[in-house]
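These notes are about the structure you will find just below.
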């Protein structure tokens, strides 16, 4: 009996022991998971957000502070509130201020240290890092070495801008495999606690107040960045059978997986980056355009064009106007110090550079034309240096893009733009009262702007420079003629065309090849044809009726010819780009030669004549 009792007691004890260990194992597992969750990036981001909210909501009057402490905390809180607002506008200084604040919270409040930082991102085990983690680390390292040229150096050093062949042809794409290879070849291991913390802070910031995965990319000195422009739109499932879409969607990227950059004339797909969700892409689109309160992006107002704090141009569109949420950021800070010699680099580049110099110094009305991405704005910004420093410059734009005062701070330059209450025409009328010598139009893209350009060139300035998307010089004249007819400035097609041809003197046309190489395709002179020759009047001297009728019909034929098919202008290619080098094609007109000389000093006149004699010979003597 005792043995049975002892056996039962042992059995109960063992069962209790097993239950105890099972409970503690479960408890330990939960504790471990909670500990791991504490260092998840989403948890950290939420903590940072709540901490900032608490700082801004605290009532300082209930804290029984001295007057000095109160004013100090009040000032710091206002500074934080202002920085939190400004950092979403592309203000790099405000961004750095908030990142320093986040770092301080993580160190002092969340107790992030060398012992637990790898629980956030395991920097010591690269295989546990995602492709985005590795890209963030690479960009951080290159930024440490090269500043805001870091992205440029990362691409150039590793030849990531080289075209890639695929079954559809040539494309520009940076893949996850390339990022992996570069990481393992150039980054041994992130050992510094400070570096690890900075990378984590950036990840938290871009999810909280930044622009997601493009946050650091946007700050780099590249030509631009866009998102949402490829992949399956969110409305795709509504357009096809749901059962079929399951298989299709599984193999294709979504619109929120779309990140592209514009780099040295090439549009490059960063296929390894993704916003992660449609919600994140929408958040970025709703925040990126808000500088200076341009109005609400809504279903009824489906797009916005604005600028950011650093001067970047931003365009945002949303459904139903566009098929998905998209944004385009066009930056202009990467080209501030470019010289014409850096932009025009092909063989015999001194010929087009020299001619452009004398066209500008000779006060010729000049258009810089070409398709998007060929470098029109870049070239226009660089050739401003040839304008006589004594001349005052007045610029009219839809949105501030040229920012010429940053490049030429010692010159007399004022830029105006359209606003919701001030039209472009009012701005142009005001320019006439601001002592302007040279007028510059950032882009002639609409009929009203074309009308402004014609007005400027006629009465408001010594000469005018502008950019346009025309493919040929003939198209340029015809497009501007049609714009004048659309706005009602002219009613007669021939008269409008004649007016445009007389105003525009030269067309500098830019192009780029499949590799992104930019060049001046041609420099063309637009020559108006005389319309003042007398009509034939042989009928007056004829005696017989039939002879008089024949002479009169000849006069009528000439009249109808002039009113219909007679050309009002012709074009002459002065310089052409052929097979990688610039070649002289024709010479300037004698009248143009004399007009340029009329605006030059004695020393400049001598230099100009020497330039012409060297390349065109004695054609004007």
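Throughout, read-outs are computed from the coordinates displayed, never taken from laboratory work. Since the model is a prediction, treat every value here as computed from it, not as a measurement. Backbone-built Cβ (ideal geometry, glycine too); neighbour counts: all protein chains shown.
Below, the figures for the structure above:
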item: For peptides 74-85, 364-375, 43-54, 541-552, sequence by mean Cβ density within 10 Å, most packed first; result: 364-375, 43-54, 74-85, 541-552
item: Within the chain, helix-based [θ] at 222 nm, where runs of 4 or more DSSP H residues each add -39,500 (n - 2.57), nearest 500; result: -14500 deg cm²/dmol
item: Pairwise label distance in nanometres, residue 92 with residue 189, each label 7 Å out on the Cα-Cβ vector; result: 3.3 nm
item: Segment residue 609-residue 493, length gained on full extension (0.36 nm per residue, minus Cα span); result: 37.9 nm
item: Viscosity 0.692 mPa s, temperature 37 °C, Stokes-Einstein D of region 168-215 from Kirkwood C-alpha radius, µm²/s; result: 247 µm²/s
item: Global form of region 37-156, assessed from the alpha-carbon gyration tensor, a/c cut-off 1.5; result: oblate
item: For region 399-519, fraction of C-alpha pairs farther apart than 26 Å, in %; result: 25 percent
item: Prolate/oblate/rounded label for region 347-417 (Cα gyration tensor, a/c 1.5); result: oblate
item: Convex hull per residue volume in Å³, alpha carbons only, for region 410-480; result: 104 Å³
item: Linear extension gain, residue 85 paired with residue 279, 0.36 nm per residue minus alpha-carbon span; result: 67.8 nm
item: Gyration tensor (alpha-carbon) shape descriptor, the chain, a/c threshold 1.5; result: prolate
item: Computed FRET value (nearest 0.05) for residue 46 with residue 114, which takes r as the C-beta separation and R₀ as 22 Å; result: 0.40
item: For the chain, share of DSSP beta bridges that run antiparallel, in % to the nearest 5; result: 65 percent
item: In nm, spacing of pseudo-spin labels at residue 299 and residue 572 (7 Å Cα→C-beta vector); result: 6.0 nm
item: Nearest-0.05 FRET efficiency for residue 417 and residue 148, computed from C-beta distance (R0 22 Å); result: 0.30
item: Förster radius 30 Å - calculated FRET efficiency between residue 558 and residue 594, Cβ distance, rounded to 0.05; result: 0.45
item: By average C-beta atoms within 10 angstrom, highest first, the peptides 120-126, 354-360; result: 354-360, 120-126
item: Degrees between helix 350-361 axis and first principal axis of the chain (Cα, 0 to 90, nearest 10); result: 70 degrees
item: Spacing of the two label points (7 Å from each Cα toward its C-beta) at residue 107 and residue 252, in nm; result: 4.9 nm
item: The chain, relative contact order [Cα under 8 Å, separation at least 6], %; result: 9 percent
item: Degrees, to the nearest 10: 473-487 long Cα axis against longest axis of the chain; result: 80 degrees
item: Peptides 596-607, 472-483, 127-138 ordered by average Cβ neighbours within 10 Å, highest first; result: 472-483, 127-138, 596-607
item: C-alpha long axis of helix 493-503 to longest principal axis of the chain, angle in °; result: 80 degrees
item: For region 483-530: relative contact order, % (alpha-carbon pairs under 8 angstrom, 6 or more apart); result: 31 percent
